[in-house]
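A.B. asks: Below is one structure. I have some questions about it.
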Amino acid sequence: MRYPNRRTGPGRGSSPVSFTTPRPASWQVCLQCGNEMVETDATIRCRECRGLLEVRHRRPELAGPVLRALFQTRCCTRHDTTASGVWRFREIVLPGADVEPVTYPEGNTPLLYRPALAEWAGTPDLFLKHEGHNPTGSFKDRGMTVGMTQARRIGARMVGCASTGNTSASLAAYAAQAGLPALVLVPSGKVALGKLAQSVGYGASVVAVRGDFDACLRLADEASERLGIYLLNSVNPFRLEGQKTIVFEILQQLGWEVPDWIVLPGGNLGNTAAFGKALEEARDWGLIDELPRLAVVQAEGAAPFARGFAEGFKERHRVRAETVATAIRIGDPASWDRAVRAIRTTDGVVVSVPDAEILEAKSVIDRAGVGCEPASAASLAGLRRLAAAGTVSANARVVAVLTGHMLKDPDILLSGAGGHSAPIDEIDASTEALEAAVGRIAGG
Ligand code: F0G
């Protein structure tokens, strides 16, 4: 099959794409104007209209059960890049990659069953996909391994991002591995301690911006090209290709039996978009034959998408965001349009939950010995609401995604917020003092 060259007008600094030859393994499409660009174009937005891009792949040569079997053979391998829970799926992530991936390896995160949490949520058939078990403690590593590999492919000299903390921690680690300098912009005073410490520790240059995440992202997006920085926020479509593997891995762990619901927190909505794309592709390529419904949960103080959903997505909302879950303290989500598509395709829902319920859910998750950061707990808090409202039925099979590790936000644990533990009791090093302390504990 031959494709016309859909580009019009001059590009900025690269020769026009011409698909007058058979389609390559992958290419990029602007979701706004339909312009097509080669996979290795170094710009992360459309050269024509600055719209967001999507990576498209040619249908893999293998499909359905054969493709599933191939992925299965790679489970537990430890000697090459397919040990990664991202690159195990390389045929549907970055099939044309001609460079060695920058991989930790990442992924291979556990799918947990905890009766106490199932009971609390009101959905007995509940699994928790704990993405906090990634190398830097959040799901961002899945997108970052692909984004950093793409940075290497296009010969980037420097990488950067705006972040509420997890993207920056991940970017810092993967940039260190790739040997690239990294610049991260974070909202001053609004990043959890563990994330900030990671970014510094892995060697990124950290700039704290007096403004919120939305301001940081605007700044990074506007300035990155001029400053020669390859932007690795989730506006970069290659990030989403990696994050799709959360869904592929869940499906594989469930023996490709499709759950009724997948629940995840929503902030900038890159992950929501990635989940929608993953599910469409999994269906189109015969890995599954029906779609689960997506449920996206936002914090009440940062819930423009939930408001949009309630109004049938008639318009795009922007809010001034405030929530204790700093990871999702985002008022102007960049991936709005692609997330709307994910919700529509999966017959999904979007809800918001108050901070008090996020903290309550977090406390329950922590006390179950699982642990997660506040934004992750939004999944469970939202699920509980949806179950109570009857939207998610009691016999539904549900997978709730925990996006980040408990140690990301130590401050909140020690602050006592949300019914967390009492202050630490300090004693002299004597048996009497210890006996007295145990007495206090026993007395509640
Ligand atoms: N959960 C955690 C732990 C996050 O760090 C994020 C986003 C989300 C959920 C929401 O994902 O933005 O794709 O809807 N963190 C970004 C960051 C914004 O900079 O680390 P989303």
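A.B. asks: Take A215 and V200, extend 7 Å from each Cα along the Cα→Cβ direction, and tell me the distance between the two endpoints in nm.
C.D. replies: Roughly 2.1 nm, to one decimal.
A.B. asks: Here is a follow-up. I'd like the trypsin sites (Lys or Arg not before Pro) in the range 219-257 restricted to DSSP loop residues with at most 13 other Cβ atoms within 10 Å, sorted by number. Could the numbers behind the result be given before it?
C.D. replies: Working: sites: R226, R239, K244; in loops: R226.
Filter output for the range 219-257: R226.
A.B. asks: First check a/c for the range 124-223, with a ≥ b ≥ c the square roots of the eigenvalues of its C-alpha gyration tensor; if it is under 1.5, answer rounded, and if not, answer prolate when a/b is larger than b/c or oblate otherwise. Present the calculation step by step, with values, prior to reporting the outcome.
C.D. replies: On the way: a/c = 1.74, a/b = 1.19, b/c = 1.46.
The shape class here is oblate.
A.B. asks: Limiting things to C-alpha atoms, what are the Rg and the maximum Cα-Cα separation (Dmax) for the chain, in angstroms?
C.D. replies: When restricted to Cα atoms, the chain yields Rg and Dmax of 22.0, 84 Å.
A.B. asks: How big is the antiparallel share of DSSP beta bridges in the chain, given as a percent to the nearest 5? Show your work: numbers first, answer last.
C.D. replies: Working: 12 of 41 bridges.
Close to 30 percent.
A.B. asks: OK, next. At 1.4 Å probe size, with every protein chain present, just tell me what the per residue accessible area of the chain comes to in Å². Numbers along the way, then the final one.
C.D. replies: Numbers: 17880 Å² over 444 residues.
Solvent-accessible surface per residue comes out at 40 Å².
A.B. asks: Could you work out the relative contact order of the range 301-342? I mean the mean sequence separation of Cα pairs under 8 Å and 6+ apart, divided by the number of residues, in percent. Spell out each step's value before the answer.
C.D. replies: Working: 47 pairs, mean separation 16.7, N = 42.
Reported relative contact order: 40 percent.
A.B. asks: Moving to a separate point now. For A63 and C33, compute 0.36 nm times the residue count separating them, minus their Cα-Cα distance, and round to one decimal in nm.
C.D. replies: On the way: separation 30, 0.36 × 30 = 10.80 nm, distance 3.01 nm.
This chain segment gains 7.8 nm when fully extended.
A.B. asks: Further question: Angle check, please: helix 140-153 long axis (alpha carbons) against the longest principal axis of the chain (alpha carbons), in degrees 0 to 90, nearest 10.
C.D. replies: So the inclination is approximately 30 degrees.
A.B. asks: Please give the helix 166-178 orientation as an angle from the longest Cα principal axis of the chain, in degrees from 0 to 90, rounded to the nearest 10.
C.D. replies: 60 degrees
A.B. asks: Tell me the label-point distance for the pair A388, D125, using the 7 Å Cα-to-Cβ offset, in nm and rounded to one decimal.
C.D. replies: In this crude label model, A388 to D125 measures out at 2.4 nm.
A.B. asks: Also: Taking 21 Å as the cut-off for C-alpha to C-alpha distance, list the pairs among K190/K408; K277/K362; K314/K362; K190/K244; K244/K362; K129/K190 that go past it.
C.D. replies: Cα-Cα > 21 Å for K277/K362; K314/K362; K190/K244; K244/K362; K129/K190; rest within.
A.B. asks: Please find the FRET efficiency linking T40 to R344, where r is the Cβ-Cβ separation and R0 is fixed at 35 Å, and quote it to the nearest 0.05. The partial results should precede the final answer.
C.D. replies: Values: r = 31 Å, r/R0 = 0.89.
Taking R0 as 35 Å, the efficiency between T40 and R344 is 0.65.
A.B. asks: Can I ask one more? Under a point-charge model restricted to the Cβ atoms of Lys and Arg (+1) and Asp and Glu (-1), what is the dipole moment magnitude of the chain relative to its Cα centre, in debye to the nearest 20? Can you show the working numbers first?
C.D. replies: On the way: 49 positive and 48 negative charges, 346 e Å.
In debye, rounded to 20, the chain gives about 1660.
A.B. asks: From the alpha carbon gyration tensor of the range 81-181, can you work out the equivalent ellipsoid semi-axes (sqrt of 5 times each eigenvalue) and give them in Å, largest to smallest? Don't skip to the end; give the middle numbers.
C.D. replies: Numbers: eigenvalues 184, 53, 18 Å².
So the three semi-axes of the range 81-181 are 30, 16, 10 Å.
A.B. asks: Please identify the GluC sites (Glu not before Pro) of the range 344-444 that satisfy two criteria: DSSP loop assignment and at most 10 other Cβ atoms within 10 Å. Which are they? Intermediate results must be reported in sequence, preceding the final value.
C.D. replies: Working: sites: E357, E360, E426, E432, E435; in loops: E426.
Here the sparse-neighbourhood loop sites are E426.
A.B. asks: OK, next. Taking the chain as a Gaussian network, Cα atoms linked when under 10 Å apart, which of I424, I250, I262 shows the biggest mean-square fluctuation?
C.D. replies: Result: I424 has the largest fluctuation of those listed.
A.B. asks: On to the next question. Given a cut-off of under 8 Å on Cα pairs at least six residues apart, what relative contact order in percent is computed for the range 263-395?
C.D. replies: 30 percent
A.B. asks: Could you tell me the distance between the Cα centroids of the range 225-294 and the range 71-91, to the nearest Å?
C.D. replies: 18 Å
A.B. asks: For the range 178-221, which trypsin sites (Lys or Arg not before Pro) pass both filters: DSSP loop (anything but H, G, I, E, B) and at most 15 other C-beta atoms within 10 Å?
C.D. replies: Numbers: sites: K190, K195, R210, R218; in loops: K190, R210.
Answer by residue number: R210.
The values are calculated or read from the model by the stated rules, or taken from the named source; none is laboratory data. Computed from a predicted model, the values in this text were never measured in an experiment. Note that each Cβ is placed from the backbone with ideal geometry, even for glycine, and that neighbours are counted across all protein chains shown. Heavy atoms of the whole protein, side chains included, go into the accessibility calculation; ligands, DNA and RNA do not. Shrake-Rupley method; radii C 1.70, N 1.55, O 1.52, S 1.80 Å.
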